[in-house]
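Each value in this text was obtained by applying a stated rule to the coordinates, not by laboratory testing. Not measured: the values here are computed from a predicted model. Cβ sites come from the backbone with ideal geometry, for glycine too, and all protein chains shown count toward neighbours.
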Ligand code: NDP
């Protein structure tokens, strides 16, 4: 008779939890997974996937406008939010069912309820009240949107709500200058909402390369987004037909919808971590070592709940390293350096490696910077003003490429491939030796000249 009900209990059926649960079950381990919402987690249900569909939806609008210059007559054009919203919800439900099926097919038990820790080896399922034991526990509960505690904040929506709106507002104010705020400002503006994006800093996307930040801020304005910088909301008041948002610079903006995209926090509150000796940091993130092991030696954590690099593919890689460490006799951490990522603004950004400031503070004057800024050919006949920006940063006499920063159509696709070049430590000479593919946007990356 085994000592525990399961070898592995995973809390959270998002990207990280499902990958770990599925892989451990395939190795013959007895696995259970608990999920209080839909399997698939933030990425599938209320994040990356539905967001990307909204971006596609917004882009169709721009393409229809541009189509005329390409000879197409499109007649009367209208947009129906409910059609897009429901199509996306149907698709996320389909994907969620696939996630549940992956667990089932591999013999893992899925509990569709919340689980909390009772002690190091025991979880309580909160709806049924059942307790279950496991030798190893993996916490993969992700994060939740954070709302600042200002007066009237209960009137604001957050990203979870934005996918489910009954109707699109005519006017919206989006607070924040990060990924979600910048992406949703592009979506709303593209779907015809008069959009104001308000950020407390001096340019959007803190943490990105400064030139990318300048460029994206400008591109948002070209989309018709009213970008208001240097302002923090202090109060939201109900008014006839909407709300008035007050800011610390003394200004007020009237709107029908206020959307807080002010960051996300690890979802650790009331998880019972203290019952099992699992420690968290000041942000509520589970403290883990390089092997994703928490301060309790049989409890591990992966994904956004550890607040390392909060991206789906990273959670998946951390989960795979966890399975190797615990079940494949191959202890390994996941290398978090040089992770390529994308921001799905319109146009989107794709980046990998060091920003210019990071490269300069690490390597001083040993760095060289190459840039270009042009209007992609597609936009010329289309009559679109959107441009493309590219930057490549190298180090030393050999000019090893340490950073690539792109903004323009398809750059998320391009950066996926270019990420390999940085991982491989390729040099500018090797980029230059690579023949261009013409006519493409990507060809510019192998013909870049030094910035003056
Ligand atoms: P971010 O941390 O990217 O952005 C939060 C924004 O809110 C920042 O601009 C921040 O300002 C601002 N902010 C925070 N607190 C306040 C406040 N009290 N008042 C006013 N503004 C405030 O978080 P997001 O919610 O946009 O996204 C969360 C994470 O999810 C991302 O960091 C990313 O890891 C992931 N994500 C990834 C995506 C992708 O890969 N494409 C898409 C969406 C999310 P400041 O900069 O000054 O701190």
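Summary table below
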quantity	calculated
Cα pair count fraction exceeding 34 Å, expressed as % - the chain	41
Stokes-Einstein D in µm²/s, Kirkwood radius over Cα pairs - segment 297-452 at 20 °C with 1.002 mPa s viscosity	124
Rotationally averaged projected area of segment 54-157 (alpha carbon convex hull; nm²)	12.8
Folded to 0 to 90 degrees: helix 81-105 orientation relative to the chain principal axis, Cα	40
Centre separation in Å (Cα based) which lies between segment 1-80 and segment 303-377	20
Volume of the Cα convex hull of segment 133-196, divided per residue and given in Å³	153
Mean Cα-pair separation over length for segment 26-153, i.e. relative contact order, pairs under 8 Å, 6 or more apart, %	31
Segment residue 446-residue 275, length gained on full extension (0.36 nm per residue, minus Cα span)	56.0 nm
Computed over the chain: relative contact order in percent, which uses C-alpha pairs under 8 Å that are six or more apart	15
Net length gained if the chain between residue 357 and residue 222 were fully extended (0.36 nm per residue, minus Cα distance)	46.0 nm
Fewest-first sequence of 449, 128, 37 by Cβ atoms within 10 Å of each Cβ	449, 128, 37
Bins of 5 Å, starting at 0 and running to the largest distance - Cα pair percent for segment 328-374	5, 13, 17, 18, 18, 12, 8, 5, 4, 1, 0
Estimated Rh, segment 365-452: Kirkwood, alpha-carbon pairs, angstrom	13.5
Between 0 and 90°, nearest 10: helix 179-190 axis offset from the chain longest Cα axis	50
Relative contact order of segment 195-257, pairs being alpha-carbon contacts under 8 Å that are 6 or more residues apart, as %	29
Cα centroid separation, segment 223-283 to segment 403-427 (Å)	32
Coordinate range along principal axes, alpha carbons of segment 247-343, Å, largest first	59, 36, 21
Ratio Rg/Rh, restricted to segment 1-69 and using Cα atoms, in which Rh is the Kirkwood radius	1.34
Ascending count of other beta-carbon atoms within 10 Å, so fewest first, for 326, 141	326, 141
At 0.890 mPa s and 25 °C, Stokes diffusion of segment 196-293 via Kirkwood alpha-carbon radius, µm² per second	146
Nearest-ten-degree value, helix 15-26 long axis tilted from longest Cα axis of the chain	40
Size descriptor, Kirkwood hydrodynamic radius, that averages inverse alpha-carbon separations across segment 30-69, Å	12.6
Hydrodynamic radius by Kirkwood, which averages 1/r over all alpha carbon pairs of segment 91-242, in angstrom	19.1
